[in-house]
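Student: One structure follows; several queries about it will come next.
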Amino acid sequence: MSLSNPNHHTVVVTQILHQAAASAIFTGRTDGGRLVRVLVQGLCHPAVGETYEVAGNEEDRREYGRVVRQISASSVRRTRTSGALIMPWLQALPGVGPTRANRLWEAFGNDLVDALGDADRIDDIGAALEPTRIHLGRRLAERVHEAAVAKADEDDRAIAEARFRLRLEGLGVTDRQAVDRLWRLIGSVDAEEKFLAAPYMAAALLPWERADHVGRRVLADRGVEDVDRAPERLVGMCDATVRELLAWGDCAWPLDTILDRLKRKTGDRDLAWDAATLGHQAGAWIEGVNGLLRAPGAAWLEDDLATRFGLMIDGRQPGGVVLPNDLDHALQRAEAATGMSLHEDQRSALRFLVERDLAVLQGGAGTGKTATMRVLVKLWEDAGGRVELCALAGKAALQLSRSTGRLARTVARLVAALEQRRRLEDEGRGVDLPPEWPRLDARTLMIIDEASMLDVGSWHRLVSLMPPGCRLLAVGDDGQLPPVGIGAIFHQLVGDARITARLSKIHRQGDGSSIPLCAAAIRTGALPEIEPYSGQWPGVSIVECGSPATVLDAVERVAVDLGRHHADNLMICAALRSTVDQINDRFASRRMSSTPTVLAAPGMRLSAGDPVVCTRNRYDLGLMNGSLGHVIDVSPEDGGALVHWDGDEAPVLMSADALRDVALAYAITAHRAQGSAATRVIVPIETNRIVTRQWLYTAVTRATEQVVLVGSREHLSAALGRTTRRLSGFRLT
């Protein structure tokens, strides 16, 4: 084994042997044709076919009867390829192939890359490609030039990204997801320069302490004397404050709330005032009604929705469906056709809803919302209309399909399909879509079930796809928690009597279970009668624990007793993310040491059989924040996993990148559980202020057969005395 001094090599990646958050091992060929293995400690995410400038100590290692040159890299930098190394890419271009690629190489040699990117040399390239057919050569040369320019742009961006990541690492930013978000925010070849010019843009994505650490270093390097009072820092502090407050779901806040947050960061009330003034001038927030300050982005979404809804309420966007004159007779026919027999409160609600362009159906658990929707769908179709049905969670969409007899999609899948239709229609190719493809038009009634779960961004994305005349019915329960994301559009729409019909009488108790009646009591803040836990038995029961320290042990015992997390059997709803993490860690530790795993969210590994939850809206995959599923299989080789999401017919192959937005779901927060259901639900009663009557109501109504509360009756009673309140600037005129 021989050791050499650091040398520089151009290496084309041929195989990835290992990839982690801050290390990589890959094999490749040098510009001299030698096969080498490269070990990297640090941020590096190579892909097969990429080219890197590698420097480091080298050694020859004898393995399995052969000698392998290994480089322990001290520096790794992605580069644009040379002429020789671009040949495989060039040969794959349409119309080029090996013969014409070799002609180019013979004509230009190592100047090939520069020649391909030079528009003034297209005629020379054409002559090299086809010496005897000038016109064909010219057309081929134009295509090759366009492809080469695109590849050069891609390479430039890749080099810029590598430099950007190395710069942030040097400044102490090691959070890979945060760096990814920062790159997506800037994402240009001059990203490094832009970041150094405005370092506190990181405050919108990183925790304030880390963003401030980076910002201080950059400002100090610039020679700023009073970093503490630098306007850039104070405005960045305001951006961080808005981000922190938005994380709680509110879109608007009193000035005192903002000042209190700023004072925690500055330690000085006067400096907090200075920061608030600069933040307001810089547009960190805008003024709203009732003395509230609003986040500008959220304010635009809310105001745009309010304007559209106002047009619908005023009847200024009439649709193309004319309802029958004898609505009661049409309603009787629809009931008969669906085999339903509605109660008078349901019929009254239906008559109200079907005549409005924008309508809301509010009802608690067991009040008959589903039956009302089923008859309404039939009535609307009989009048010549069509329906599009959606719900946030896959399981809710599946249940909606079964109950109405019509296809219901998740909001994410409906949005993706409608956006694809819009793109194809803009290109004049709308006729290529099959008839069953979703569409919204002046005859469409779009029904959103579990609408209380939609955040303002999801509302806006969906409503923006509605053409004038398309009707909207939002169905939900304002007794549940507001959505995971920001805003509370449904909860505010419910307060408008012009558009809202209410169902309050409980018609269903769920296969003999007392859950709906218990939930109704919780909804009003009353303490229901709850029996002690006695194993698998329908209804609501409690395991009383003397102290919070014993709650997790009791949760684990009950989960094992009830049959663990097989299929839709069990869900654990907790309030605090720290509690969720502890429960997930407990069940993950039960895996056998030999079980294959892959890395998902930072510090979290997944294996086959694990329940999982999507932690961010992924419209590209048809997933929303809170979508639940189970891991079918994992692939340690490439870091991906096969996941069967609730409501989907087939599993989805999730790449290593997509798994960054997936977490274990042995336990989940009640926010993320909204829209999903399980046969049995375990609810640890924590003492935190976020455990309110709405929180309990949401958790309890996730169960179809059994709820087990774990904690003290005293803490349960205290929770029922607290309510959830979300502030917003949304106002219907």
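Student: Taking a ≥ b ≥ c as the square roots of the eigenvalues of the Cα gyration tensor of segment 179-221, is the shape rounded (a/c under 1.5), prolate (a/b larger than b/c) or oblate?
Tutor: oblate
Student: A further question on this structure: How high is the relative contact order of segment 204-344, in percent, with contacts defined as C-alpha pairs under 8 Å that are six or more residues apart?
Tutor: Relative contact order for segment 204-344 comes out at 19 percent.
Student: While we're looking at this one, here's another question. Return one number: the angle in degrees, 0 to 90 and rounded to the nearest 10, between the long axis of the Cα atoms of helix 411-426 and the longest principal axis of the Cα atoms of the chain.
Tutor: On a 0 to 90 degree scale, this one is about 60.
Student: Hey, another quick one. For Lys194, go through the lysines and keep the ones whose alpha-carbon is under 25 Å away, minus same-chain ones fewer than eight residues off.
Tutor: Within the straight-line cut-off, Lys194 pairs with Lys151.
Student: Shifting gears a bit: Going from most exposed to least, what order do Trp537, Trp300 have by accessible area with a 1.4 Å probe?
Tutor: Trp537, Trp300
Student: If you don't mind, there's one more thing I want to ask. Using 0.36 nm per residue, how much length does the chain from Asp314 to Leu185 gain when fully extended, once their Cα-Cα distance is taken away?
Tutor: My answer for the length gained is 42.5 nm.
Student: Still on this structure, I have one more. In whole angstrom, note down how far apart the Cα centers of segment 114-157 and segment 454-526 are.
Tutor: Taking the Cα centre of each part, segment 114-157 and segment 454-526 sit 59 Å apart.
Student: What is the helix-to-structure angle for 231-246, meaning the angle in degrees between its Cα long axis and the longest Cα principal axis of the chain, kept from 0 to 90 and rounded to the nearest 10?
Tutor: 40 degrees
Student: Sticking with this one: With point charges of +1 on the Cβ of Lys and Arg and -1 on the Cβ of Asp and Glu, referenced to the Cα centre of the chain, which listed residue (Gly469, Gln536, Ser75) lies farthest in the positive direction of the dipole?
Tutor: The residue sitting farthest along the positive end of the dipole is Gln536.
Student: How many angstrom separate the Cα center of segment 235-288 from the Cα center of segment 530-552?
Tutor: The distance from the Cα centre of segment 235-288 to that of segment 530-552 comes to 43 Å.
Student: While we're on this one: Applying 1/(1 + (r/R0)^6) with R0 = 30 Å to the Cβ-Cβ distance of Ser464 and Ala247, what FRET efficiency is obtained, to the nearest 0.05?
Tutor: The computed FRET efficiency comes out at 0.75.
Student: Here's something else I'd like to know. Between Asp620 and Asp153, 0.36 nm times their residue separation minus their Cα-Cα distance comes to what?
Tutor: 165.7 nm
Student: Taking 0.36 nm per residue of sequence separation and subtracting the Cα-Cα distance, how much length would be gained by fully extending the chain between Glu169 and Val68, in nm to one decimal?
Tutor: So the chain would gain 33.3 nm between Glu169 and Val68.
Student: Here is a follow-up. For the chain, which whole-number percentage of the solvent-accessible area (1.4 Å probe, protein heavy atoms only) is attributable to carbon and sulfur atoms?
Tutor: Ligands and nucleic acids excluded, carbon and sulfur give 50 percent.
Student: Checking the cross-link filter: which aspartates and glutamates have an alpha carbon closer than 15 Å to that of Lys378, excluding same-chain neighbours under 8 positions apart?
Tutor: Asp328, Glu335, Glu355, Glu388
Student: Something else now. Taking θ = phi - 60°, what integer Hz values does the Karplus form 6.51 cos²θ - 1.76 cosθ + 1.60 yield along segment 52-62, in sequence order, with x for Gly and Pro?
Tutor: 10, 8, 10, 10, x, 6, 10, 8, 8, 10, 8
Student: So, one more: At 1.4 Å probe size, with every protein chain present, just tell me what the per residue accessible area of the chain comes to in Å².
Tutor: Accessible area per residue: 45 Å².
Student: Can you give the three extents of the C-alpha atoms in the chain along their principal axes, from longest to shortest, in whole Å?
Tutor: Result, largest extent first: 86, 65, 61 Å.
Student: Let me ask another. How many percent of DSSP beta bridges within the chain run antiparallel, rounded to 5?
Tutor: Roughly 55 percent of the beta bridges in the chain run antiparallel, per DSSP.
Student: From Cα pairs below 8 angstrom and at least 6 apart in sequence, can you work out the relative contact order of segment 576-733, rounded to a whole percent?
Tutor: 19 percent
Student: Moving on to the next point. Classify segment 111-266 as rounded, prolate or oblate, taking a ≥ b ≥ c as the square roots of the eigenvalues of its Cα gyration tensor: rounded when a/c is under 1.5, otherwise prolate if a/b is larger than b/c and oblate if not.
Tutor: Prolate.
Student: Say R0 is 22 Å: what FRET efficiency, to the nearest 0.05, do Met592 and Leu17 get from their beta-carbon distance?
Tutor: Efficiency for this residue pair is about 0.30.
Student: Need one value: the accessible area of His135 in square angstrom, 1.4 angstrom probe, rounded to the nearest 10.
Tutor: Its heavy atoms expose roughly 150 Å² to the probe.
Student: Below 8 Å, C-alpha to C-alpha, sequence gap of six or more: please give me the relative contact order for the chain in percent.
Tutor: 10 percent
Student: Calculate the spin-label point distance for Arg264 paired with Leu407, positioning each point 7 Å from the Cα along the beta-carbon direction, and give it in nanometres.
Tutor: The answer from the label model is 4.8 nm.
Student: Starting from the Cα of Gln582, step 7 Å along the direction of its Cβ; do the same at Asp496; then give the gap between the two resulting points in nm.
Tutor: 4.4 nm
Student: Let me cross-check His715: its accessible surface, 1.4 Å probe, with only protein heavy atoms counted, in Å² to the nearest 10?
Tutor: Approximately 50 Å² for this residue.
The values are calculated or read from the model by the stated rules, or taken from the named source; none is laboratory data. These numbers were taken from a predicted model, which means no experiment stands behind them. Reconstructed Cβ throughout: ideal geometry from the backbone, glycine too, with neighbour counts over all protein chains shown. With ligands, DNA and RNA removed, areas are computed over all heavy atoms of the protein, side chains included. Shrake-Rupley method; radii C 1.70, N 1.55, O 1.52, S 1.80 Å.
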